[in-house]
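Where a number appears in this text, it was derived from the coordinates with a stated rule and is not lab data. Keep in mind the model is a prediction, meaning the values are calculated, not measured. Here the Cβ positions follow ideal geometry from the backbone for every residue, glycine too, while neighbour counts run over all protein chains shown.
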Amino acid sequence: MRVFKFKEINSTNSFLKNLEHKEDYDIAIAETQNSGRGRRGNKWHSTKGGGYFSFILKENKDIQQEEYTKLPLVVGYSLLKTFENLEPELKFMFKWTNDIYIKDKKLSGILVEKKENNFIIGIGINFNNEIDNSIENIGISLKNISSKTYDINKIILEIVENFKQDLNFYFNGNFDIILKKLNNQNYLYNKRIDIDLGFGKIIEGRAKEIDKTGQLKVEVDSKLKLFNVGEIHICKK
Ligand code: BTN
């Protein structure tokens with residue numbers, strides 16, 4: 001495990017992806033990113049004061065590949081626990097499958113990518129940064145709420161340590177406990193959502209629990225259906 005620190009970089013995910021010899025839990029941390037990436041080709045605003053980091057998780061051949069589809073949920077679980085430890089009075093919510101919300105706005109996003117047998121887990125957290133005007137209706141930073149200044153590097157290392165433990169916990173058959181917490185803090189629960197199935201087809205439904213498969217249950221026309229994030233795009237109404 002090595003820690004690579006940058007004042008500015010294009011993207012910590014891209015850096016680790018292109019790193020020639022990757023070690024398990026190598027971490028890249030940047031003060032700013034000039035090409036921070038979110039999911040579905042979105043840009044991740046990465047101005048000074050935010051937490052931008054990625055780390056490597058080497059695929060374990062003894063673990064079924066399918067188990068790894070729930071990685072974002074395990075990361076979300078670790079983030080919730082770390083944030084709650086930091087600010088026990090605040091109500092953090094998990095927005096299936098990759099986001100942490102607070103006060104109906106996005107605090108943190110997770111981007112999991114894969115190159116060969118390495119997962120690159122990238123996390124962006126609005127800690128001490130000002131939220132850009134263009135996203136102030138959807139984004140929030142911790143400092144906005146608590147008026148504190150956070151020790152970003154310290155918290156990042158805590159998140160990675162928590163994740164290591166939570167991943168073992170998950171691989172040891174405890175997904176039900178992880179899922180229980182995520183469902184207790186399921187931001188989408190009972191919200192009306194549009195599901196974009198691609199090819200211009202959008203259906204409407206009401207989000208329910210996250211299922212033990214990691215998929216989201218959605219009530220569509222009075223029937224419960226399971227949706228996989230790879231197939232759908234959810235936008236809150
Ligand atoms: C999302 O919400 O769509 C995911 C956002 C992930 C952003 C982080 S910031 C650190 C790492 N480097 C990137 O370019 N993206 C991730």
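Straight-line cross-link reach from Lys81 at under 14 Å between alpha-carbon atoms covers these aspartates and glutamates, not counting any fewer than eight positions away in the same chain: Glu89, Asp99, Glu158, Glu161, Asp166.
Helices assigned as whole DSSP H runs in the chain whose Cα atoms extend at least 15 Å along their own long axis and whose mean Kyte-Doolittle hydropathy is 0.5 or higher are found at 71-86. Once C-alpha pairs closer than 8 Å and six or more residues apart are averaged by separation and normalised to the residue number of region 100-163, the relative contact order reads 26 percent. Modelling each spin label as a point 7 Å along the Cα-to-Cβ direction, I'd like the Ile145/Phe4 distance in nm, to one decimal. According to this spin-label approximation, the distance is 3.2 nm. Were the residues from Ser35 through Thr213 laid out at 0.36 nm apart, the gain over their Cα-Cα distance would be 60.8 nm. For region 60-118, the square roots of the Cα gyration tensor eigenvalues, ordered a ≥ b ≥ c, give a/c of at least 1.5 with a/b greater than b/c, which places it in the prolate category.
In a reduced charge model with +1 at each Lys and Arg Cβ and -1 at each Asp and Glu Cβ, the chain shows a dipole moment near 500 debye about its Cα centre.
Binning the C-alpha pair distances of the chain at 10 Å intervals from 0 yields a P(r) profile of 7, 32, 37, 20, 3, 0 %, listed from the shortest bin outward.
Taking 0.36 nm per residue of sequence separation and removing the Cα-Cα distance, the Glu136/Glu87 pair yields an extension gain of 15.5 nm.
Pair-distance distribution P(r) for region 1-136, from all Cα-Cα distances in 5 Å bins starting at 0: 2, 10, 20, 22, 22, 15, 7, 3, 0, 0 percent.
For Asn190 and Glu59, what is the calculated FRET efficiency with R₀ set at 35 Å and r taken between the beta-carbons, to the nearest 0.05?
Taking R0 as 35 Å, the efficiency between Asn190 and Glu59 is 0.45.
Placing R0 at 35 angstrom, the Cβ-Cβ distance between Lys103 and Glu23 gives a FRET efficiency of 0.40 after rounding to 0.05. Please give the residues of region 84-120, grouped as numeric ranges, whose backbone N is less than 19 Å from a label point set 7 Å along the Cα-to-Cβ vector of Gln165. Backbone N within reach: 84-89. With point charges of +1 on the Cβ of Lys and Arg and -1 on the Cβ of Asp and Glu, referenced to the Cα centre of the chain, which listed residue (Asn184, Phe55, Phe83) lies farthest in the positive direction of the dipole? My answer, from the dipole projection, is Asn184.
Here the contact order of the chain, divided by its residue count and restricted to Cα pairs under 8 Å and six or more residues apart, works out to 15 percent. A 18 angstrom limit on the alpha carbon distance is what I want to check against. Which of Lys43/Lys154; Lys58/Lys115; Lys201/Lys225 exceed it? Table pairs above 18 Å Cα-Cα are Lys43/Lys154. Put simply, when 88-96, 8-16 are sorted by average Cβ atoms within 10 angstrom per residue, most first, you get 8-16, 88-96. Across region 1-136, the relative contact order, built from alpha-carbon pairs under 8 Å that are at least six residues apart, equals 24 percent.
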